[in-house]
1. Return a single number: how many Lys pairs in the chain, at a sequence separation of 8 or more or on separate chains, have alpha-carbon atoms below 16 angstrom apart.
2. Let's see if you can work this out: charge +1 on each Lys and Arg Cβ, -1 on each Asp and Glu Cβ, no other charges. What is the dipole magnitude of segment 181-239 about its Cα centre, in debye to the nearest 20?
3. Distance in nm between label sites at SER444 and GLU176, each 7 Å beyond Cα in the beta-carbon direction?
4. Return the whole-Å distance between the Cα centroid of segment 228-244 and the Cα centroid of segment 120-166.
5. What FRET efficiency do you get for ARG78 and ASN108 if R0 is 30 Å and r is their Cβ-Cβ distance, rounded to the nearest 0.05?
6. Can you order the peptides 494-507, 192-205 by their average number of other Cβ atoms within 10 Å per residue, highest first?
7. So what are the ³J(HN,Hα) numbers for segment 145-161, from phi and the Karplus equation (6.51, -1.76, 1.60; θ = phi - 60°), rounded to whole Hz, Gly and Pro as x?
8. Taking the Cα centre of each part, how many Å lie between segment 76-99 and segment 483-503?
Amino acid sequence: MSGPLPFLLSIDALSVALPAGADRPLALDGVSLALAPGEILCVVGESGSGKSMTAGAVLGLLPDGVRRSAGRILFEGRELTALSEADLRRIRGARIGMIFQEPMTALNPLRTIGDQIGEVFRTHTRLPKAEIARKVRSLLEDVQIPQPHAAAGAYPHELSGGQRQRAMIAMALALEPSLLIADEPTTALDVTTQAQILRLIRELQQRKGTAVLFITHDFGVVAEIADRIAVMRQGEVVETGPAAEILARPQHPYTQALLAAVPTLEPPTPRVQTRDTLLAIDGIGKTYRGGGWLGRGRRQVQALDQVSLALPRGGALGIVGESGCGKSTLARCLVGLLDPDRGSLRLDGADLLASGSGQRRQRARRIQMVFQDPFGSLNPRRRVGELVAQGPLIHGEHPLRARLRAAELFELVGLDPSALDRYPHEFSGGQRQRIGLARALALSPDVLVADEPVSALDVSVQAQVLALLDDLRARTGLSLILITHDLRVAAQVCDRVAVMKDGRVVEEADTATLFGAPRHPCTQALLAAVPGRRAVGRASAAVGECSVR
């Protein structure tokens, strides 16, 4: 047989065994995938489906205690599973590039961006120092980082999330590999940055002819970038085919369920609510002041500038915007983690910014927060029952009553009270977010501030958490402020939406009006950047029609 190889990467009946005591014997069970040169194959599935394990097997980077038990991996005609570690190191970075999900943890915080990109050339080539520096600047220009010379000398914490991800892409493409593996590269990014990264990957793929193995749980991203799709569930490939075909006519029930769970921009029927304002935010401002060495180079950042909003009793207000717009700063001001420089914050007419410990305790009881990362916000050394009961105990509740309250809250958020004595690491991401909800509800607050509560969750778990929030509002009369970069999430639960940019509210309206006829250019840009909104919306509607029939 002569001529070019039909596939750049071929995975044939690959099985990967988990260590004894795992929830199942195989992480991958007979996985077969093929990727042609210059093609983008999206591997989709929920947490634990085996997506990242497949990428690790290709790179020869399986976790400790995990081993390949069967199957072959062919890359450019070579059997990767038969290569030595030294041979694999020569392929990684040179022929196969990798973009990791979280660049802040993948990048060395003690080394500059330019130094880390340059390391790829120092490892795989004999180029002189000046030539490496030139190539680093050229790569940063290719990935459209502004002021590439300054970015090369910056440390990871000095770049935004989108810029760090671009730096990771530059590093992965440094030696023009024939295969690029992208593992959830846009999960934590706002919609406009996400759209830019997806466009960048597609442009680079088309210009350089690089094949891309793109791992994601977001069908919106899939609709935006995929040539073909492979759907994985519990270590198996359950469906594969051209992107347009699977999005329009998914065959497997699991694929249909994933598509049906994707939130759309269609807002639900508004809930009837009172006109009574529960929380009034009036002219809130917050300035961050950064200090230089011995006071030199001091700078000020206006994080919030005259923010005024009103939350009705029983209402749900969404606050959306790009990273850095001031959303999370506002959330921290509301719950007392930050003190605003000016403005007023009134709950049922009472000034929450008035001095005095009593007023602060009152705010802590009546306004609670659900954080974006439940694992980071839960103490790993304490049992979850203790964490949920902690608030009532601090406010003088009897230990037995606090424990009973924790059990009641576990049932309320859909968890088994028998799990109160387990530790946070023993739960899934969705379960940990439910624990975070239970902890926030322990003091029976009037207002729940949810800061990106579903951004890192699978679409099906995301749908469950959003439905839970809506159900809690209906059952408890809770008022909700939902902070998110995903307009689809805001559309599912919010009666009104406020759009923020550069610390200001630039537009506010009821959800249907804002999404149907946005006035401000920022709102229009955010809506236009929602990935795959038309394709996935049509697919979700088709799945819904099938299920009705």
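Throughout, read-outs are computed from the coordinates displayed, never taken from laboratory work. Note that this is a predicted model, so its numbers are computed, not measured. Reconstructed Cβ throughout: ideal geometry from the backbone, glycine too, with neighbour counts over all protein chains shown.
1. Working: LYS135/LYS208; LYS286/LYS327; LYS286/LYS501; LYS327/LYS501.
For the chain, qualifying lysine pairs total 4.
2. Working: 6 positive and 9 negative charges, 59 e Å.
The dipole of segment 181-239 has a size of about 280 debye.
3. Inter-label distance under the simple model: 6.9 nm.
4. Segment 228-244 and segment 120-166 have Cα centres separated by 35 Å.
5. Values: r = 30 Å, r/R0 = 1.01.
According to the calculation, E is roughly 0.50.
6. On the way: 494-507: 21.9, 192-205: 19.5.
Top to bottom by mean Cβ count within 10 Å: 494-507, 192-205.
7. 7, x, 6, x, 5, 5, 5, 4, x, 8, 8, x, 5, 8, 10, 6, x
8. 44 Å
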